[in-house]
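Quick notes on the structure that follows.
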Amino acid sequence: MSTPDDAPVTDAPVTGDPVTVRPARPDEAPSLVDLDDLVWAESERLPREVRLRSVPTRTVLVATREGETAGVTGAWDVEVGVPDGRGRARLVPADGVTWVGVHPDHTRRGVLTALIGSQLPATREAGRALSVLKASDSGIYGRFGYGTASTVLRASFAGGTTFAAPPEIQELADATRTRLQTAGPDLAPRLHAAWRRAATDRAGEVVRTEADLTRNLTDVPEHRGDREPNRVLVATRDDEVVGFAVVRRTVTEEGSVLGGRADVPIVTTADAAARLALAQRLTRLDLVTRTDWWVPADDPLVLWQPGWPRSLADGVVDSLWLRLVDLPAAVALRGTAADLDVVVEVADPVLPENAGTWRWTARSGEGRLERSGEQAQLSVDVGDLASVWLGGRSLGALAVAGRVREHAPGAVARLDAALRTPVLPAQSVDF
Ligand SMILES: CC(=O)SCCNC(=O)CCNC(=O)[C@H](O)C(C)(C)COP(=O)(O)OP(=O)(O)OC[C@H]1O[C@@H](n2cnc3c(N)ncnc32)[C@H](O)[C@@H]1OP(=O)(O)O
């Protein structure tokens, strides 16, 4: 990527107006905060220094000919859990895209397109195979080759909910100690290490750096609204942290009746028993009648309810969006559940390095992608491939929908078998 000073002037994709796409300079952070406030209709509740601390370190902006900032995007350093081929996940470095915003006077002129056209090659040049994000709207990122890699449902557990876990898991949960503490930066190193361990339990987790977790745990009074400061419910077994949940309670009064809600913005656990221990504590807090958190549809907490409780969930939404930025590198990083030898044609209009025909092989759980001159056995779009990468969807389902085309019988089933995961992917934090 070019530096702020040598950035070339290009044409905006839609209007053809001359614009500059370049990394932001550190001294531009205040104007980026102003832009972000304008884009998100922020009420300026937060002190300036808190807002300035939230500007990502790697930020790209589009400047107009007049020097006005028309749009911005940033990236955090994160780790993402990809399937290891043996039913668990391994953490790999990725760009966590954030802070995407275009000045209201400049929308629908290709500013975002220009930003992403600069950011994705930079991610690739930096040696990162994957880019991930949480989208404000599900219609934005598909055109740039991102796919919906995980979906979650908002589970609302009533106070006193019982979880029908088998006795051995209940026993382990009983042996798990939980402690409710006020969140603070002092907890971050221990929780960060536990988060990285827990993230290998299932694919799809996005682990932030310890510095970013510290920021998440640091209480900002202006963030609270009518809620209490951040608390952390920490689960330990034999002195080791096996999970934690960040929780915020809001106690309300209806007439003379006190009720309350607990929101759980972060929850991560190393195993089902730790999850049960946290859930049993969170649904038995005095003054709390409802606990809300986002879970995958096959979460043990859901499967321990009789049937599919309609009261539990108010809908399934897209969660993590994934972009395969460097396809051969991404294949090498992801474990496979079966040996494989298939020729795949990939369409990628945004990053042509990924496009074309590849021979995809896998032996002993490790995959490899090489250029091929052979006839493709199946054709897939890079975003659709991303949507099956973490195990949230099958290629077979996409083939039924006509999005994947099979040219040799059995090719889709063979690739599905290699990419299979026993559980759905999930992510426990927003970023
Ligand atoms: C990871 C994150 O940070 S998610 C946060 C994203 N930011 C926001 O939602 C803040 C408010 N919105 C905005 O700032 C802007 O409208 C953005 C960033 C969503 C889009 O920026 P723009 O510069 O208008 O996008 P751009 O002009 O490059 O549009 C590219 C295409 O995406 C489409 N598009 C843009 N936004 C949306 C949307 N919300 N829903 C559906 N399609 C969209 C455009 O119509 C265009 O399609 P076309 O090429 O077929 O005409």
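Couple of notes before you dig in:
- Relative counts (whole %) of C-alpha pair distances in the stretch 9-128, using bins that are 10 Å wide: 13, 39, 30, 13, 5, 0
- Each peptide among 409-417, 49-57 gets the average number of other Cβ atoms lying within 10 Å of its residues, and from highest to lowest they stand as 409-417, 49-57.
- Net charge of neighbours whose Cβ lies under 9 Å from the Cβ of residue 84, counting Lys and Arg as +1 and Asp and Glu as -1: +4
- For the stretch 152-317, the C-alpha radius of gyration sits at 1.02 times the compact-globule guess of 2.2 N^0.38 Å, with N the residue count.
- Here the scattering of the stretch 172-242 is modelled by Debye summation over its C-alpha atoms, one equal scatterer each and no solvent; at q = 0.14, 0.18 Å⁻¹ the log10 of I(q)/I(0) is -0.50, -0.79.
- Normalised contact order of the stretch 50-103, rounded percent, pairs of Cα under 8 Å and 6 or more residues apart: 33
- Under the criterion of Cα pairs below 8 Å and six or more residues apart, the relative contact order for the chain equals 19 percent.
- Net lengthening on full extension, residue 174/residue 218 (0.36 nm per residue, minus Cα-Cα): 12.8 nm
- Taken over the stretch 272-431, the convex hull of the Cα atoms encloses 152 Å³ per residue.
- Debye intensity ratio I(q)/I(0), log10, the stretch 300-361, q values 0.13, 0.24, 0.29 Å⁻¹ (C-alpha model): -0.63, -1.07, -1.34
- With all projection directions averaged, the alpha carbon convex hull of the stretch 326-419 covers 5.3 nm².
- Fully extended contour minus Cα-Cα distance, from residue 228 to residue 353, at 0.36 nm per residue: 40.1 nm
- Projecting the Cα atoms of 379, 163, 244 onto the charge dipole of the chain, computed from C-beta unit charges around the Cα centre, puts 163 farthest toward the positive end.
- Alpha carbon Rg of the stretch 56-98, scaled by the compact-globule rule 2.2 N^0.38 Å: 1.79
- The GluC sites (Glu not before Pro) of the stretch 313-385 that meet both conditions, a loop assignment by DSSP and at most 10 other Cβ atoms within 10 Å of the site Cβ, are 374.
- Residues of the chain: accessible area per residue with a 1.4 Å probe, Å²: 45
- Coil-residue trypsin sites (Lys or Arg not before Pro) of the stretch 292-355, DSSP, other Cβ within 10 Å capped at 15: 310
- Projected area, mean over directions - the chain, Cα convex hull, nm²: 23.2
- Sulfur and carbon atoms: percent of accessible area, the stretch 368-423 [1.4 Å]: 49
The values are calculated or read from the model by the stated rules, or taken from the named source; none is laboratory data. Model, not experiment: these values are computed from the prediction. Here Cβ is always computed from backbone atoms with ideal geometry, including for glycine, and neighbour counts include all displayed protein chains. When the accessible area is computed, the model is the full protein with side chains, heavy atoms only, and any ligands, DNA or RNA have been set aside. Shrake-Rupley method; radii C 1.70, N 1.55, O 1.52, S 1.80 Å.
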